[in-house]
Amino acid sequence: MSRPGFVLQVDDRTPPLVVHEGEGFRLERFPIGTRVVYPPESLPAVRDVDATIRHALLNPEGSEPLSELLRPGMRLTIAFDDISLPLPPMRKPDIRQRVIEQVLTMAAAAGVDDVALISANAVHRRLTPDELRAIVGERVFRSFFPQGLLYNHDAEDPDDLLHVGVTDRNEDVEINRRAAESDLLVYVNVNLVAMDGGHKSVPVGLASYKSLRPHHNSKTMVQSRSFMDPEKSHLHHSAIRMGRLLADHLRIFTIETTLNNDVFPAPYEFLNKREWEWSIRDQASMLAARRALGVAPRKVKRRVFHSLESPYGVTGVHAGETEAVHAKTLANVHRQQMVEVQGQTDVLVMGLPYLGPYNVNSVMNPILATCMGLGYYFNSYRGCPLVRQGGAVILYHPVPNEFSQLHHPSYVDFFEEVLAETTDPVAIEEKFEQSYATDPWYIHLYRTSYAYHGVHPFYMWYWAAHALDHVGDVVWVGADRHTVQRMGFRAASTLSDALEMVSGTVGRSPSLTYLHNPPHLIADVH
């Protein structure tokens, strides 16, 4: 059996703790009295994944079995999460491949021959053919991609978008035309964290920019009191309204999957363990990895880390009506990731890994690092934030002034032009968003190359809006000073220096909490 999440109070016997810092990690000695929140250990994986998938398809939640929804002559569309999930990518075969193969087998048996598969990438970058192949598998790729029946959603293609309606809050619902006009839309998801899935899948993943604006904006983001707690997230409230409107016009069969916390493969298995549990072999692996990473050029380290594939175990598969399915999914996610924590802290410390949802096979640029730390990790709570109102956040990451011109061209201009004038999310949205979102060159790169949409860096900055509104100070340890200053933050060389810098905000003897992830966790703060 797995053990629940663990909260440790550092004393003089506590060994140095691992802190992720981009393409590497350090061992840090935290002050005595620091509270350390560890993620739960991995839940047991299901024994027979294919049997679990089949059972879900034939015994769905709130729906007829999938086999009864399929018939000759119908139009079937299968949409699936793109490469932003899971993180890191999972060891082959991907769970989406295994689900899609069974759906296609049932469709073939029912005589369905009008089938298309769509990557639900919204305004994310297009996936390359190899990236599509990695998700759906070789057999599905060969059967559908050459015929143009496996492709990326295009949020800027006017001929392949359909305006379905408007919610009672005046939110436009406009999604992929092929999906909207299908007799059945099957959505295949990987629910890595509580933020994912449910009605956030179809109306977001297959949306146009017009349909993203009602919830991907600074006001909605700052009012979303944790993206990991859908009940308190205004973003999710909007997506739910849109999803329910869609459900009145379109038959959607949702398939959601959950994974355990078995994140790091060999030779990095020691990162899955608590430091005092390391064996002699683990300690040797840690020392060898630190030495190698310490001398390797950044591009080499990036290539090594981005080649990692996680040996996740599947903890559940549920299918059927979206809301009924998602309730089961969230229960699985909470069972794996929830850690009870008593009270808030003055200073929250977080180490950021090399990988986030938007730099797979790419660069973790400064905007993405900010989104990862102040957007996703800060919001990894239920109840109230781990850090008190007006407290401080200390982040570990080098934050080099480095961008991918292929994947993130609008980020470069956002960093140099927009942040040079203001870092306020509301002001940024009002003055700059429309020009970037409608810029013909950014749209061209999004549609024809592998670039994120021109509006994407704005969304990443809005993800941090709640944290920026909540905390009084943000300091980065080991970061490039000029880079973080452009974003309105400060840099320190060491944890001691960072604590000295935030003392004007939190005092000389603040309470300190270190959020020890990855793997993922949700702090249930009381």
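The values are calculated or read from the model by the stated rules, or taken from the named source; none is laboratory data. What you see is a predicted model, and the numbers here were worked out from it, not measured in a lab. Here the Cβ is made from the backbone with ideal geometry for all residues, glycine too, and neighbour counts use every protein chain on show.
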* For the range 88-95, indicate whether the set of residues that are surrounded by 19 or more Cβ atoms within 10 Å (Cβ to Cβ), of a type in the set (A, V, I, L, M, F, W, C), under 17 Å from residue 273 (Cα atoms) and touching an Asp or Glu at 6+ places or on another chain (Cβ under 7 Å) is non-empty. => no
* Asked: Is it true that some residue in the range 97-116 is modelled with pLDDT of 95 or more and under 26 Å from residue 444 (Cα atoms)?
  -> yes
* Structure fact -> Note on the range 344-374: residues within 13 Å of residue 463 (Cβ to Cβ) and crowded, with 23+ Cβ neighbours inside 10 Å are 358, 367, 368, 369, 370, 371, 372, 373, 374
* To do: For residues that are assigned to a strand (DSSP E or B), under 25 Å from the mean Cα position of the chain (by Cα) and surrounded by fewer than 17 Cβ atoms within 10 Å (Cβ to Cβ), tally how many sit in the range 22-80.
  => 0
* Structure fact -> If we ask which residues in the range 316-331 are surrounded by fewer than 21 Cβ atoms within 10 Å (Cβ to Cβ), in contact with a strand residue (DSSP E or B) (Cβ under 7 Å, 6 or more places away or on another chain) and of a type outside the set (Lys, Arg), their number turns out to be 2
* Structure fact -> Considering residues that are among the charged types (D, E, K, R), under 30 Å from residue 164 (Cβ atoms) and exposed (fewer than 15 other Cβ atoms within 10 Å of the Cβ), the number found within the range 246-298 is 2
* Asked: If you check residue 85 against the conditions, is it under 23 Å from residue 206 (Cα atoms), in contact (Cβ under 8 Å) with a residue 12 or more places away in the chain and over 27 Å from the mean Cα position of the chain (by Cα)?
  -> no
* **Which numbered condition residue 343 misses (of (1) on the phi > 0 side of the Ramachandran plot; (2) without any contact (Cβ under 8 Å) to a residue 40 or more places away in the chain)** => (2)
* Are there any strands (runs of 3 or more DSSP E) wholly within the range 84-194 with 1 or more residues that are charged (D, E, K, R) and either in the same structural domain as residue 239 (by TED's automatic domain parsing) or within 21 Å of residue 309 (Cα to Cα) (or both), and if so which? -> 114-120, 172-176
* **Within the range 393-429, tally of residues that are in contact with a Gly (Cβ under 6 Å, 6 or more places away or on another chain) and farther than 24 Å from residue 444 by Cβ** => 5
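Yes/no per residue for (1) surrounded by fewer than 18 Cβ atoms within 10 Å (Cβ to Cβ); (2) touching a residue at least 60 places away in the same chain (Cβ under 8 Å):
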position	(1), (2)
447	yes, yes
452	no, yes
457	no, yes
496	yes, no
502	no, yes
* To do: Can you tell me which residue among 133, 125, 178, 169 is without any contact (Cβ under 8 Å) to a residue 60 or more places away in the chain and of a type in the set (Lys, Arg)?
  => 133
